[in-house]
Amino acid sequence: MKSFKYNSIWIMRFINKIISIYRRRILSPEKYARSIGVKIGKDCAIHTRNFNSEPYLIEIGDNVQIPDKVCFYTHGGNWVLRKKYPKFDCFGKIKVGNNVYIGNNSIILQGCTIADNVMIAAGSVVTKSVPSGVIVGGNPARIIGKVEDYEKKVLPYNIDSKHLSPDEKRKFLLALDDDKFQKKDFLK
C-alpha cells in the first residue's frame with residue numbers, strides 16, 4: 001500500500017510538472033501570469049514570465065506595459081537566516097498601479113508599490129515604493145524626473161506612426177530628417 005501511495009504522489013508531481021511546462025511554453029505571457037495567480041487589469045501588455053515563486057502576491061493595474069526581461073521578487077534573503085531559524089520565511093506583496101511602464105531588465109522587489117502614471121527606466125532595481133507621476137531609474141532606483149516634464153520634452157518629436165505596419169514604419173522613419181529624432185545630451 002505504501003508503494004502505491006508513493007507512486008501516486010510521484011505521478012501527481014509529474015503531471016503538475018507537465019502542466020507547468022505547458023503553461024510556461026504554450027500560453028502567452030499574460031495568460032501564463034494569470035494562470036499562476038498574478039492579478040492583471042485591463043489593456044495591459046505583459047511580456048514577462050518572471051514572477052518568481054509567489055505570483056499570487058503580485059497585482060498589476062490597468063494599462064501597464066512590462067517587457068519580457070522584467071523580474072518580480074516577492075521574497076529574498078531568507079536563506080541566510082535559516083541556519084538559525086530553520087523555518088524562517090517572509091514575503092512582501094507587489095502592487096503596480098495604472099498607466100505604468102516598466103523598462104526591460106528591471107527588477108521589482110518585495111513590498112514595493114508602484115503608484116499610477118509611473119515610468120521605470122530600463123535596468124532599474126526598485127527597492128522602495130514609487131509615488132505617482134514620476135520617472136525612476138538606477139540601482140537602487142531613484143526619482144530622476146516627472147512624467148509631465150518627459151511629456152513636454154518628447155511631444156515635439158511625436159511623429160504619429162503607431163498605426164503603421166512594420167514595413168511602412170521602416171520606410172517612414174528612414175525618410176525623416178535627423179531633426180525629427182530625439183538626441184541625448186553629453187554626460188557632464
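The values are calculated or read from the model by the stated rules, or taken from the named source; none is laboratory data. Bear in mind that the values here come from a model prediction, so they are computed numbers and not experimental data. Cβ: placed from backbone, ideal geometry, glycine included. Neighbour counts: every protein chain shown.
Worth a mention:
- L109 meets all of the listed conditions (1) on the phi < 0 side of the Ramachandran plot; (2) surrounded by fewer than 18 Cβ atoms within 10 Å (Cβ to Cβ); (3) at pLDDT 95 or above but one, namely (2).
- Segment 50-72, residues that are within 13 Å of the chain's Cα centre (by Cα) and over 23 Å from D89 (Cα atoms): I60, G61, N63, V64, Q65, I66, P67, D68, K69, V70
- Any hit, segment 69-78, residues being among the hydrophobic types (A, V, I, L, M, F, W, C) and part of a loop (DSSP other than H, G, I, E, B): yes
- Among the residues of segment 54-71, those identified as touching a Cys at 6+ places or on another chain (Cβ under 9 Å) and of a type outside the set (A, V, I, L, M) are G61, D62, N63, Q65.
- Residue among G41, G76 that is of a type in the set (G, A, S), touching an Asp or Glu at 6+ places or on another chain (Cβ under 6 Å), under 22 Å from G111 (Cα atoms) and touching a residue at least 24 places away in the same chain (Cβ under 8 Å): G41
- Checked against the criterion of being modelled with pLDDT under 95, in contact with a Phe, Trp or Tyr (Cβ under 8 Å, 6 or more places away or on another chain) and not hydroxyl-bearing (S, T, Y), segment 156-178 has at least one qualifying residue.
- Single residue of segment 137-188 satisfying the filter (among the small types (G, A, S) and under 27 Å from the mean Cα position of the chain (by Cα)) that is surrounded by the most Cβ atoms within 10 Å (Cβ to Cβ): A141
- In the set D62, D68, only one residue is under 26 Å from Y150 (Cβ atoms) and either surrounded by 17 or more Cβ atoms within 10 Å (Cβ to Cβ) or out of contact with any Gly (no Cβ under 6 Å at 6 or more places or on another chain) (or both); that residue is D68.
- If you go through segment 71-106 and keep only what is of a type in the set (K, R) and surrounded by fewer than 15 Cβ atoms within 10 Å (Cβ to Cβ), you end up with R82, K83, K84, K87, K93.
- Residue in segment 5-32 that is surrounded by the fewest Cβ atoms within 10 Å (Cβ to Cβ), counting only those that are free of Cβ contacts under 8 Å to residues at least 24 places away in the same chain and within 16 Å of the chain's Cα centre (by Cα): S28
- Residue match in segment 42-53 (condition: assigned to a strand (DSSP E or B) and in contact with a Cys (Cβ under 6 Å, 6 or more places away or on another chain)): yes
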